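Before any comments, here is the structure.
The values are calculated or read from the model by the stated rules, or taken from the named source; none is laboratory data. Note that this is a predicted model, so its numbers are computed, not measured. So basically every Cβ, Gly included, is an ideal-geometry build from the backbone, and we count neighbours across all protein chains shown. Remember, those area values only see protein heavy atoms, side chains included, never the ligands or the DNA or RNA. Shrake-Rupley method; radii C 1.70, N 1.55, O 1.52, S 1.80 Å.
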Amino acid sequence: MWKARRVVVGVAGGIAAYKTAELVSRLRQQEAEVEVVMTEAATRFISPLTLSTLAGRPVWTDMFAVSGPVPHVELARKAELVIVAPATADLMARMAIGLADELLTALILATRAPVLVVPSMNANMYTHPATRDNLRRLSELGYHLLEPESGFLACGETGPGRLPEVETILEAAARLLVRRASLKGVRVVVTAGPTREYLDPVRFLGNASSGKMGYAVAAEARDRGAEVVLVTGPTALAPPPGVKVVRVESAEDMFRAVMSHAAEARVVVKAAAVADFRPKAKVPGKIKKGEAETLVMELERTPDILAELGRVKPQHQVLVGFAAETDDPLRHARDKLQAKNLDLIVLNDLSRAGAGFEVDTNIVTLIFRDGRVRELPLMSKMEVARRLWDAVEELLTTDKE
Ligand code: PMT
């Protein structure tokens, strides 16, 4: 599977850099086209000569070394996959804030290929809150993280921070390459985040959706090669690079944006938390509280976007809804699947800790139109997104047969 695949191996300055030699060698033995990019610090741990000999071509260390094509852009464009091993605390901090202060970080910023980040460092550095924050941010930005192993570290301490075995890195990297092609050219619409229904110019009815679930779904589809339109309510998240982003505020805006893209889409996934009601009339000026003890406002239903999508669904479209439930969740989710003509519904049981709004994790049950039910344990929203697309791909394959 590696034959002629264009892989960039990024090397940062940590003692585990010596293990990268084996990684590069294994990729080359399997006939991958390997480009090695080293930070200046990496060159102190392992000689560029070693890695260039194993890669069979010169190693890149300097953003300004050659005239002609700009190396970080050329390498970024050619890469089908970037593996950063070892990724140090410093490199990850720079990636987390989008610095492009040397060739490796610039390339990582410029590429649209999946990036596998393999951290390795001292255990205290790895567990430091600053590093944990950066890891969380990298995950939000759509980078794929491979947890380090625990054990004896070169610094003499024991704990998490060891670079995983080369075999483990190759397996994780292979999964990314395979996934990359699996939705190639498939048009996908994903919705995410909350909607806002304004009462007056400054106040709105909203909800606690952070957008994390929907953004993870969009990023995963992109990583599998899909052409993704992400229709998003207001969130604090940076949208995943490489997807077309349509920003909306109200349920009505989301309705229009989704309906204008959905007809062309092979798959629509509605992870957004859409308000069910809005004020019947928006007050033009800021509502004054005056002497009033209560305020009564009449609300009306918003358009049910998912129900409308189900009504006009083209024959080969796969329509996926989410359900956020607290009471009798399975029954309510099944009812929604039927009523809205869905192929799959993702049930969040909000009564369980670690599931639903705002958190980085979720506990979901996938319910298929044909009655199959797949209960998943607590996992990151990124992992939920992977399982969701695996399920959608099953439906797409069945449809083709
Ligand atoms: O954003 P996060 O903080 O990561 O949280 C994720 C999430 C909990 C918001 C997400 O996983 C989720 O469950 N989204 C759906 C929440 C919801 O609105 O559920 P619902 O049961 O009210 O709606 C069912 C489905 O109908 C949803 O797909 C919703 O997008 C859709 N809907 C609802 C109302 C409406 N007017 N139009 C719709 O399309």
Evaluation of residue 129 against (1) modelled with pLDDT of 95 or more; (2) within 16 Å of the chain's Cα centre (by Cα) (one fails), failing number:
(2)
Identify the residue in segment 328-352 that is free of Cβ contacts under 8 Å to residues at least 12 places away in the same chain and of a type in the set (Asp, Glu) and, among all such residues, is farthest from the ligand (Cβ to nearest atom).
328
If we take segment 8-116, then helices (runs of 4 or more DSSP H) inside it with 1 or more residues that are open to solvent by 10 Å² or more (accessible area, probe 1.4 Å) and more than 22 Å from residue 145 (Cβ to Cβ) are 17-29, 42-45, 48-55, 71-78
Do we find that residue 359 is within 12 Å of the ligand (Cβ to nearest atom), open to solvent by less than 60 Å² (accessible area, probe 1.4 Å) and over 27 Å from residue 314 (Cα atoms) in this structure?
yes
Does residue 240 fit the bill of being under 22 Å from residue 387 (Cβ atoms) and either modelled with pLDDT under 95 or open to solvent by 30 Å² or more (accessible area, probe 1.4 Å) (or both)?
yes
Any residue at all in segment 146-162 that's in contact (Cβ under 8 Å) with a residue 40 or more places away in the chain, outside any helix (DSSP H, G or I) and closer than 30 Å to residue 226 by Cβ?
no
Within segment 362-379, how many residues are open to solvent by less than 80 Å² (accessible area, probe 1.4 Å) and more than 10 Å from the ligand (Cβ to nearest atom)?
10
Any residue in segment 194-209 that is small (Gly, Ala, Ser) and modelled with pLDDT under 95?
no
Could you list, in sequence order, all residues of segment 186-231 that are assigned to a helix (DSSP H, G or I), open to solvent by less than 30 Å² (accessible area, probe 1.4 Å) and near the ligand (Cβ under 10 Å from one of its atoms)?
213, 214, 215, 216, 217
